[in-house]
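Notes follow the structure.
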Amino acid sequence: MDGRISGGPQVSAVRAWSFTAAMAAVAWLPLIGFLLLIAAGGLVWGGWQMIALPMLWLLPALYTRAVLPDALPGRAVRPDDEPELAALVRDMAERTGFGAPLLVRIVPEPAVLTYRVRIGGGHAYALLLGLPLVRALSATHLAAVIAHELAHERHFDDRRTRALLAARVALAERLEGRLRPLAPLAAPLLRATQPWPWQEELAADAEAARVVGGDAAREAVEWVAVIDAAFDGIAQDWVEDLVEEGSYPVDLYEAFDLALQDPLVRARAAREDAEEEALDVYATATHPPTAVRTAALPHTGTGTSAAYGSAPLVLRDAEVVAEWCVQHLACADGPGGTLQAGGGGGALRPEDLKPVRLLQLDADRFRLPADGGHRAEALAAATGQSSPTGALRAALDAVADGDWYGLARRMRPQLRWLPAAVRRSLGCQVLASAMGAALVPLLLEAGWSCTSRWMSTVLTAPDGTVVDLYEVLVTAVDGGDPAPVHALLDKSGTEKAERA
């Protein structure tokens, strides 16, 4: 294994290890400084307890990491149970030159990941496939996704690359934790090393295009981005909302499949994916923007796409797998818990929750945004108004005066800790979402209707006109022109009634 393929990154060993050491040092600098401070205090004041207690606090975590084996996440897929999926994975492994033992496991979220595991004294690889992807992607697109991941392990699985990427991930995670390194130290290192993982992603995309064709690889990249954003913004909210009530949605994946068929949902997910990429000012993203990836792929070539077709790969044990994934997602220990060790590591158990069917519940309950009521209340509190109309009018006055950012920061105090480059953009989204949550009920009372079963921010006027309120509000706030929103309020009859 040479660690490189055509088009992949060419990184000198000295430079790579230097950046790796620097990122690891910055990532652990706050914790090291904290421990040194405690140790210095213990030496000065003679309090050995000041040194012993932090060490005792760290011992369980160190023991768990070094001694206890990691449980494999997800549900195992055995070739005898799912021969079609096993055959597709085996074919992709052969076409990408991946010869190591490979375990396939289904996870509840739209993740695709490979990593090395130890089994019976030897090494193998685990391939995690998210159930939402298996259900929504065509067999050809799923083949492209699998080929991409196997290309990572086949061509970039060298110690130097693994160490550099691990150091980048550790440093990026510290930017979100309590013991954060100073951004002036972390950001330059992340920006300087970001081209390397990006080049690896583009090279893996090229490998997938070689195997299944450029068009199929491009479509797979676009689809995965949409599915990931939609699942995070829709399905996760459904599960969290129901779990708070002591239930879980047994038809989660069925409902999510239907939601993905709505072009408004897909457009919203694509927009959120682009907005999230634009807010990555610290260069923590390991994947290039979706537009960059698709532009780099060739438009010609069919690869093996004809062998798989345009229909999703049907799991023979689909109902059992979906039930396992829903229960695990509902009982997982927080966001991302489905990819942690164990099978439902949270405090809840499936028997603690009541099964319900999403598609039999009131549709208004689960239209996005799910926290619309909280956002409207936050706008009222920030403006000091008691009614949604008053809050909207006060917000529009702030937009006209150019003082709207103060309202956004009152609703989201965390904005002040973000880099200056993204404060305005994210503040605009915060204020527009809150104004939309206050405006939607007024328009619905005036005879407007929700265009989509899944979204509340796209409405149809009595004359049949479809209006994306979020787009209107973002444009109004960002441009400082509240006139279009005043026009919507006027159509709701609210301002007319107040003037009368």
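Of everything in the range 427-443, what is in contact with a strand residue (DSSP E or B) (Cβ under 8 Å, 6 or more places away or on another chain) and either open to solvent by less than 10 Å² (accessible area, probe 1.4 Å) or over 21 Å from A382 (Cβ atoms) (or both)? Give them in sequence order.
The answer is L443, and nothing else.
Taking T465, is it open to solvent by less than 50 Å² (accessible area, probe 1.4 Å), polar (S, T, N, Q), modelled with pLDDT of 90 or more and farther than 29 Å from R424 by Cβ?
No: the conditions fail for T465.
Take residues that are touching a Gly at 6+ places or on another chain (Cβ under 6 Å) and modelled with pLDDT under 95 and tell me which of the helices (runs of 4 or more DSSP H) falling wholly in the range 313-404 contain 1 or more. I'd like the intermediate steps shown before the answer.
Numbers: elements: 318-331, 372-383, 388-401.
Helices (runs of 4 or more DSSP H) meeting the threshold: 318-331.
Assess whether P462 counts as being within 30 Å of P263 (Cα to Cα) and without any contact (Cβ under 8 Å) to a residue 40 or more places away in the chain.
Answer is yes for this residue.
Is there a residue in the range 117-124 that is in contact (Cβ under 8 Å) with a residue 24 or more places away in the chain, in contact with a Leu (Cβ under 8 Å, 6 or more places away or on another chain) and β-branched (V, I, T)?
Among the residues of the range 117-124, at least one is in contact (Cβ under 8 Å) with a residue 24 or more places away in the chain, in contact with a Leu (Cβ under 8 Å, 6 or more places away or on another chain) and β-branched (V, I, T), which makes the answer yes.
In the range 237-272, what count of residues is obtained for those that are touching a Pro at 6+ places or on another chain (Cβ under 9 Å), in a helix (DSSP H, G or I), open to solvent by 30 Å² or more (accessible area, probe 1.4 Å) and at pLDDT 90 or above?
1
When the range 203-254 is examined, which residues are found to be polar (S, T, N, Q) and touching a strand residue (DSSP E or B) at 6+ places or on another chain (Cβ under 9 Å)?
S247
May I ask you to verify whether A229 is within 20 Å of the chain's Cα centre (by Cα) and among the hydrophobic types (A, V, I, L, M, F, W, C)?
Judged against the criteria, A229 is a match.
Which of the residues that make up the range 101-135 are exposed (fewer than 15 other Cβ atoms within 10 Å of the Cβ) and among the small types (G, A, S)?
G120, G121, G122, A124
Considering only residues that are without any contact (Cβ under 8 Å) to a residue 24 or more places away in the chain and of a type outside the set (G, A, S), which ones fall in the range 90-112? Working first, answer last.
To start, the set of residues in the range 90-112 that are without any contact (Cβ under 8 Å) to a residue 24 or more places away in the chain comprises 90, 94, 99.
Result: R90, E94.
Which is at negative phi, surrounded by 16 or more Cβ atoms within 10 Å (Cβ to Cβ), of a type outside the set (S, T, Y) and at pLDDT below 80, of H155, H148?
None of the other options fit; the residue is H155.
Give me the pairs, please: first residue somewhere in the range 166-186 and at pLDDT below 80, second residue anywhere and part of a helix (DSSP H, G or I) and loosely packed, with under 14 Cβ neighbours inside 10 Å, beta-carbon distance under 8 Å, and either six or more positions apart or on two chains.
Partner pairs satisfying both residue conditions: L179/F34.
Which of the residues spanning the range 411-422 are assigned to a helix (DSSP H, G or I) and either of a type in the set (A, V, I, L, M) or surrounded by 17 or more Cβ atoms within 10 Å (Cβ to Cβ) (or both)? Explain how you work it out, then say what you get.
In the first step, residues of the range 411-422 are kept if they are assigned to a helix (DSSP H, G or I); the result is 411, 413-417, 420-422.
Within the range 411-422, M411, L415, A420, A421, V422 meet the criteria.
Just one of the numbered conditions (1) within 25 Å of the chain's Cα centre (by Cα); (2) surrounded by 12 or more Cβ atoms within 10 Å (Cβ to Cβ) is not true of A446; which one?
Exception for A446: condition (1).
Report yes if V485 is under 22 Å from A380 (Cβ atoms), β-branched (V, I, T) and modelled with pLDDT of 90 or more, otherwise no.
When the stated conditions are applied, V485 passes them.
The values are calculated or read from the model by the stated rules, or taken from the named source; none is laboratory data. Please read all numbers here as calculations on a predicted model, not as lab measurements. For neighbour counting, all protein chains shown are included, and Cβ atoms are generated from backbone atoms with ideal geometry for every residue, glycine included. All accessible areas refer to the heavy atoms of the entire protein, side chains included, with ligands and DNA or RNA removed. Shrake-Rupley method; radii C 1.70, N 1.55, O 1.52, S 1.80 Å.
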